[in-house]
1. Exactly one of these conditions fails for His124: (1) surrounded by fewer than 20 Cβ atoms within 10 Å (Cβ to Cβ); (2) closer than 24 Å to Tyr73 by Cβ; (3) at pLDDT below 85; (4) within 14 Å of the chain's Cα centre (by Cα). Give me its number.
2. Would you pick out the residues in region 74-108 that are in a strand (DSSP E or B), open to solvent by 60 Å² or more (accessible area, probe 1.4 Å) and either among the β-branched types (Val, Ile, Thr) or under 20 Å from Pro152 (Cβ atoms) (or both)?
3. If only one of Lys71, Lys59, Lys20 is under 16 Å from Glu127 (Cα atoms), surrounded by fewer than 19 Cβ atoms within 10 Å (Cβ to Cβ) and modelled with pLDDT of 90 or more, which one is it?
4. Does region 133-150 contain at least one residue that is among the aromatic types (Phe, Trp, Tyr), at pLDDT 65 or above, in a helix (DSSP H, G or I) and touching a strand residue (DSSP E or B) at 6+ places or on another chain (Cβ under 8 Å)?
Amino acid sequence: MDNNRQIEIGSDPLDASSHKETDHFFGDVSVWINGEGALLHASLSLEDVIRSQRKVVSKIHLTQQLRRLTKKYGNIRLHDSRSSPSFWQLLSFLNLDDIHFLSIGLWKEKHSDITGVMANCTLHFLEGHVTVWPYWTLYKNDEEFLGSLVSPLRDNNLIERTVKQTDASRMTDSSDVNRQNSDFLKYLRGY
(Lines give C-alpha, C1' and ligand atoms only; values in the text may rest on other atoms or scores of the structure.)
Protein backbone atom coordinates (compact mmCIF):
# COMPACT_ATOMS: atom_id res chain seq x y z
CA MET A 1 0.00 0.00 0.00
CA ASP A 2 1.25 3.49 -0.87
CA ASN A 3 2.35 5.46 2.21
CA ASN A 4 0.59 8.55 0.84
CA ARG A 5 -2.76 6.73 0.71
CA GLN A 6 -5.13 6.73 3.65
CA ILE A 7 -6.69 3.52 4.88
CA GLU A 8 -10.08 5.20 5.25
CA ILE A 9 -11.05 8.06 2.95
CA GLY A 10 -12.36 10.09 5.88
CA SER A 11 -9.67 9.58 8.49
CA ASP A 12 -5.97 9.53 9.20
CA PRO A 13 -4.30 6.63 11.02
CA LEU A 14 -4.63 6.92 14.81
CA ASP A 15 -0.85 7.25 15.20
CA ALA A 16 -0.61 10.27 12.85
CA SER A 17 1.05 13.44 14.10
CA SER A 18 1.87 16.80 12.59
CA HIS A 19 4.41 19.60 12.68
CA LYS A 20 4.42 23.06 11.09
CA GLU A 21 6.62 24.15 8.22
CA THR A 22 6.74 27.57 6.61
CA ASP A 23 6.23 27.88 2.88
CA HIS A 24 7.50 31.04 1.15
CA PHE A 25 4.18 31.49 -0.70
CA PHE A 26 1.42 29.95 1.43
CA GLY A 27 2.80 30.51 4.93
CA ASP A 28 2.16 27.86 7.60
CA VAL A 29 1.73 24.32 6.35
CA SER A 30 0.92 21.41 8.67
CA VAL A 31 2.82 18.28 7.65
CA TRP A 32 1.23 15.00 8.75
CA ILE A 33 3.24 11.79 9.22
CA ASN A 34 2.27 8.35 10.45
CA GLY A 35 3.82 6.50 13.40
CA GLU A 36 6.49 5.00 11.13
CA GLY A 37 7.58 8.45 9.92
CA ALA A 38 6.04 8.17 6.45
CA LEU A 39 4.58 11.34 4.96
CA LEU A 40 0.78 11.26 4.76
CA HIS A 41 -0.08 14.75 3.51
CA ALA A 42 0.38 18.46 4.10
CA SER A 43 -2.54 20.60 5.17
CA LEU A 44 -3.42 24.27 4.89
CA SER A 45 -6.54 26.39 4.98
CA LEU A 46 -8.67 26.72 1.85
CA GLU A 47 -9.24 30.38 2.78
CA ASP A 48 -5.46 30.97 3.03
CA VAL A 49 -5.03 29.60 -0.49
CA ILE A 50 -7.84 31.82 -1.77
CA ARG A 51 -6.37 34.85 0.03
CA SER A 52 -2.97 34.08 -1.53
CA GLN A 53 -4.51 34.92 -4.91
CA ARG A 54 -4.02 38.58 -3.95
CA LYS A 55 -0.27 37.95 -4.33
CA VAL A 56 -0.43 36.55 -7.84
CA VAL A 57 -1.13 37.94 -11.26
CA SER A 58 -2.58 34.88 -12.97
CA LYS A 59 -4.36 31.56 -12.58
CA ILE A 60 -1.23 29.91 -13.93
CA HIS A 61 0.90 31.27 -11.09
CA LEU A 62 -1.39 30.02 -8.29
CA THR A 63 -1.73 26.66 -10.03
CA GLN A 64 2.07 26.43 -10.32
CA GLN A 65 2.43 27.20 -6.60
CA LEU A 66 -0.03 24.41 -5.67
CA ARG A 67 1.72 22.02 -8.05
CA ARG A 68 5.07 22.93 -6.46
CA LEU A 69 3.63 22.08 -3.05
CA THR A 70 2.21 18.76 -4.30
CA LYS A 71 5.59 17.90 -5.78
CA LYS A 72 7.15 18.44 -2.36
CA TYR A 73 4.49 16.71 -0.21
CA GLY A 74 2.61 14.44 -2.63
CA ASN A 75 -0.82 15.06 -1.14
CA ILE A 76 -2.21 18.40 0.01
CA ARG A 77 -5.39 18.93 2.03
CA LEU A 78 -7.17 22.28 1.86
CA HIS A 79 -9.35 22.20 4.96
CA ASP A 80 -12.42 24.32 5.63
CA SER A 81 -14.72 24.10 8.64
CA ARG A 82 -17.85 25.01 6.68
CA SER A 83 -20.32 22.78 4.87
CA SER A 84 -20.52 25.28 2.02
CA PRO A 85 -16.88 26.25 1.28
CA SER A 86 -15.59 28.63 -1.39
CA PHE A 87 -14.82 25.77 -3.78
CA TRP A 88 -16.19 27.73 -6.75
CA GLN A 89 -13.77 30.55 -5.93
CA LEU A 90 -10.81 28.17 -5.74
CA LEU A 91 -11.68 26.75 -9.16
CA SER A 92 -11.99 30.28 -10.58
CA PHE A 93 -8.38 30.96 -9.50
CA LEU A 94 -6.87 27.80 -11.03
CA ASN A 95 -5.75 26.86 -14.52
CA LEU A 96 -8.26 24.03 -14.94
CA ASP A 97 -6.38 22.53 -17.88
CA ASP A 98 -3.65 21.43 -15.43
CA ILE A 99 -6.12 19.22 -13.53
CA HIS A 100 -5.98 15.73 -15.04
CA PHE A 101 -9.17 14.54 -13.34
CA LEU A 102 -11.15 15.00 -10.13
CA SER A 103 -12.44 12.45 -7.66
CA ILE A 104 -15.15 12.76 -5.05
CA GLY A 105 -14.59 10.73 -1.90
CA LEU A 106 -17.57 9.65 0.18
CA TRP A 107 -17.46 8.07 3.64
CA LYS A 108 -19.51 7.59 6.79
CA GLU A 109 -18.47 9.97 9.55
CA LYS A 110 -17.33 8.02 12.61
CA HIS A 111 -15.80 10.55 15.00
CA SER A 112 -18.55 13.09 15.66
CA ASP A 113 -22.22 13.55 16.38
CA ILE A 114 -22.85 13.83 12.64
CA THR A 115 -24.49 10.78 11.17
CA GLY A 116 -24.43 10.42 7.46
CA VAL A 117 -22.23 10.62 4.45
CA MET A 118 -19.40 13.14 4.22
CA ALA A 119 -17.61 14.16 1.02
CA ASN A 120 -14.38 15.69 -0.25
CA CYS A 121 -13.07 16.51 -3.71
CA THR A 122 -9.57 15.75 -4.94
CA LEU A 123 -7.92 17.58 -7.83
CA HIS A 124 -5.39 15.26 -9.46
CA PHE A 125 -2.32 17.03 -10.87
CA LEU A 126 0.68 15.37 -12.48
CA GLU A 127 2.78 15.99 -9.33
CA GLY A 128 0.23 14.92 -6.73
CA HIS A 129 -3.22 15.52 -5.29
CA VAL A 130 -4.97 18.53 -3.75
CA THR A 131 -8.00 17.52 -1.70
CA VAL A 132 -10.59 20.10 -0.71
CA TRP A 133 -11.64 18.90 2.74
CA PRO A 134 -14.64 20.82 4.13
CA TYR A 135 -17.73 19.48 5.92
CA TRP A 136 -19.72 18.58 2.83
CA THR A 137 -22.49 16.37 4.11
CA LEU A 138 -25.37 14.47 2.60
CA TYR A 139 -27.20 13.72 5.86
CA LYS A 140 -29.86 16.47 5.92
CA ASN A 141 -30.36 17.23 2.26
CA ASP A 142 -28.21 17.38 -0.81
CA GLU A 143 -28.57 21.11 -1.49
CA GLU A 144 -25.29 22.29 0.11
CA PHE A 145 -23.39 19.39 -1.44
CA LEU A 146 -24.92 19.95 -4.86
CA GLY A 147 -24.72 23.74 -4.68
CA SER A 148 -21.17 24.15 -3.38
CA LEU A 149 -19.50 21.09 -4.93
CA VAL A 150 -21.42 19.82 -7.94
CA SER A 151 -22.50 23.19 -9.35
CA PRO A 152 -18.93 24.54 -9.56
CA LEU A 153 -17.83 21.31 -11.25
CA ARG A 154 -20.68 21.52 -13.74
CA ASP A 155 -20.24 25.28 -14.35
CA ASN A 156 -16.53 24.76 -15.10
CA ASN A 157 -17.15 21.76 -17.39
CA LEU A 158 -15.36 19.41 -14.97
CA ILE A 159 -18.13 16.83 -14.49
CA GLU A 160 -16.80 14.77 -17.41
CA ARG A 161 -13.43 14.54 -15.63
CA THR A 162 -14.94 13.63 -12.24
CA VAL A 163 -15.10 10.11 -10.80
CA LYS A 164 -16.14 8.59 -7.51
CA GLN A 165 -13.17 7.78 -5.31
CA THR A 166 -13.19 4.13 -4.29
CA ASP A 167 -10.98 2.01 -2.11
CA ALA A 168 -9.41 -0.29 -4.70
CA SER A 169 -8.46 -2.86 -2.04
CA ARG A 170 -12.17 -3.48 -1.32
CA MET A 171 -13.19 -3.94 -4.95
CA THR A 172 -13.20 -7.44 -6.39
CA ASP A 173 -14.11 -6.64 -9.98
CA SER A 174 -13.16 -3.60 -12.02
CA SER A 175 -16.60 -3.70 -13.66
CA ASP A 176 -18.01 -2.79 -10.22
CA VAL A 177 -15.87 0.35 -10.22
CA ASN A 178 -16.95 1.25 -13.75
CA ARG A 179 -20.64 0.73 -12.89
CA GLN A 180 -20.36 2.76 -9.66
CA ASN A 181 -18.60 5.60 -11.49
CA SER A 182 -21.22 5.54 -14.24
CA ASP A 183 -24.10 5.65 -11.72
CA PHE A 184 -22.40 8.43 -9.78
CA LEU A 185 -21.79 10.52 -12.90
CA LYS A 186 -25.45 10.11 -13.88
CA TYR A 187 -26.37 11.45 -10.44
CA LEU A 188 -24.00 14.45 -10.79
CA ARG A 189 -25.04 15.25 -14.36
CA GLY A 190 -28.73 14.96 -13.46
CA TYR A 191 -28.47 17.84 -10.99
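The values are calculated or read from the model by the stated rules, or taken from the named source; none is laboratory data. Just so we're clear, the structure is a prediction, and the values are computed from it rather than from any experiment. Backbone-built Cβ (ideal geometry, glycine too); neighbour counts: all protein chains shown. Surface accessibility is based on the protein's heavy atoms, side chains included, excluding ligands, DNA and RNA. Shrake-Rupley method; radii C 1.70, N 1.55, O 1.52, S 1.80 Å.
1. Result: His124 fails condition (3) only.
2. Restricting attention to region 74-108, the residues satisfying the condition of being in a strand (DSSP E or B) are 75-79, 101-108.
Then keep just the ones that are open to solvent by 60 Å² or more (accessible area, probe 1.4 Å); that gives 79, 101, 108.
Passing the criteria: His79, Phe101.
3. That would be Lys71, the only listed residue that is under 16 Å from Glu127 (Cα atoms), surrounded by fewer than 19 Cβ atoms within 10 Å (Cβ to Cβ) and modelled with pLDDT of 90 or more.
4. First, the residues of region 133-150 that are among the aromatic types (Phe, Trp, Tyr): 133, 135-136, 139, 145.
This time we only want the ones that are at pLDDT 65 or above, so: 133, 135-136, 145.
Narrowing further to those that are in a helix (DSSP H, G or I): 145.
Restricting the remaining residues to those that are touching a strand residue (DSSP E or B) at 6+ places or on another chain (Cβ under 8 Å) gives 145.
Among the residues of region 133-150, at least one is among the aromatic types (Phe, Trp, Tyr), at pLDDT 65 or above, in a helix (DSSP H, G or I) and touching a strand residue (DSSP E or B) at 6+ places or on another chain (Cβ under 8 Å), which makes the answer yes.
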